[in-house]
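Data block below; observations after.
The values are calculated or read from the model by the stated rules, or taken from the named source; none is laboratory data. What you see is a predicted model, and the numbers here were worked out from it, not measured in a lab. Cβ atoms come from the backbone with ideal geometry, glycine included; neighbour counts cover every protein chain shown.
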Amino acid sequence: MYAKQINYEDYDGNSRSDIFYFNLTKTELTEMDMLTPGGLKNQIEKAVEDKDASTIVKIFKKLILGSYGVKSQDGRRFIKSAELSEEFSQTEAYNVLFMELASDDNAISDFIKHVVPKDIAAEIEKQELTRG
């Protein structure tokens, strides 16, 4: 689980700094991969290689809103719903996060490594080291 502090200005003009939670389980990642033609990883790599902005934007949005949720008070559940995702997407915090990911090549990789399970993050890190 990724607890990300986002600084933003709300729609009343107030400066805010709130913590938002993001997480993707192995099940969710598997579903995303299996429901994406050619697989999610391949789609991401192809979109980046082709500089396909439309697909990249869709992937960013899917990753952000698909991983957003609210931690239960007892810490036993991470609650996600279409309603919660839509509410978050209507905040300036979402805009700040989206633009951060869209404008910094390392930010999306860092975000993904934080929201996926630790063993998958380690595998991503290992693949990046062998490429670079």
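Looking at the structure I just gave you, is I44 of a type in the set (V, I, T) and under 15 Å from Y2 (Cβ atoms)? Judged against the criteria, I44 is not a match. Kindly check whether there is at least one residue in the stretch 117-126 that is farther than 25 Å from T27 by Cβ and more than 11 Å from the chain's Cα centre (by Cα). Among the residues of the stretch 117-126, not one is farther than 25 Å from T27 by Cβ and more than 11 Å from the chain's Cα centre (by Cα), which makes the answer no.
Given the residues Y2, Y11, which is the only one that is closer than 19 Å to D119 by Cα, modelled with pLDDT of 95 or more and touching a helix residue (DSSP H, G or I) at 6+ places or on another chain (Cβ under 9 Å)? So that I can check it myself, show each step before the final result.
Details: Y11 fails: closer than 19 Å to D119 by Cα.
Answer to the selection: Y2.
Taking the criterion of being buried (at least 18 other Cβ atoms within 10 Å of the Cβ) and over 21 Å from I120 (Cα atoms), the only residue of the stretch 17-55 that qualifies is F20. Residue check: N42 meets all listed conditions (1) in contact with a Phe, Trp or Tyr (Cβ under 8 Å, 6 or more places away or on another chain); (2) assigned to a helix (DSSP H, G or I) but one, namely (1). Out of F88, F60, one residue alone is at pLDDT 95 or above, surrounded by 14 or more Cβ atoms within 10 Å (Cβ to Cβ) and assigned to a helix (DSSP H, G or I). It is F88.
Screening N95 against (1) without any contact (Cβ under 8 Å) to a residue 24 or more places away in the chain; (2) assigned to a helix (DSSP H, G or I) leaves a single unmet condition, (1).
Among residues of the stretch 100-118 that are farther than 17 Å from L129 by Cα, those with a beta-carbon under 7 Å from a residue that is outside any helix (DSSP H, G or I) and aliphatic (A, V, I, L, M) at least six positions away or on a different chain give the pairs V115/L24; V116/L24. List the residue pairs whose Cβ atoms are under 9 Å apart, where the first residue sits in the stretch 61-88 and is over 22 Å from K113 (Cα atoms) and of a type in the set (A, V, I, L, M, F, W, C), the second is at pLDDT 95 or above and not in a helix (DSSP H, G or I), and the two are 6 or more positions apart or on different chains. Here the result reads L84/Y68; L84/G69; L84/V70, each pair linking the stretch 61-88 to a residue that is at pLDDT 95 or above and not in a helix (DSSP H, G or I).
Any residue in the stretch 54-61 that is in contact with a strand residue (DSSP E or B) (Cβ under 8 Å, 6 or more places away or on another chain) and over 22 Å from T27 (Cβ atoms)? Full working, then the answer.
So the first thing to find is which residues in the stretch 54-61 are in contact with a strand residue (DSSP E or B) (Cβ under 8 Å, 6 or more places away or on another chain), and the list is none.
No, because not a single residue in the stretch 54-61 is in contact with a strand residue (DSSP E or B) (Cβ under 8 Å, 6 or more places away or on another chain) and over 22 Å from T27 (Cβ atoms).
Has the stretch 83-93 got at least one residue that is small (G, A, S) and closer than 14 Å to E28 by Cβ? Among the residues of the stretch 83-93, at least one is small (G, A, S) and closer than 14 Å to E28 by Cβ, which makes the answer yes. Residues that are at pLDDT 95 or above and farther than 19 Å from V115 by Cβ do occur in the stretch 17-37. Of all residues in the stretch 64-88, how many are over 16 Å from the mean Cα position of the chain (by Cα) and within 22 Å of I108 (Cα to Cα)? Total satisfying the criteria: 0.
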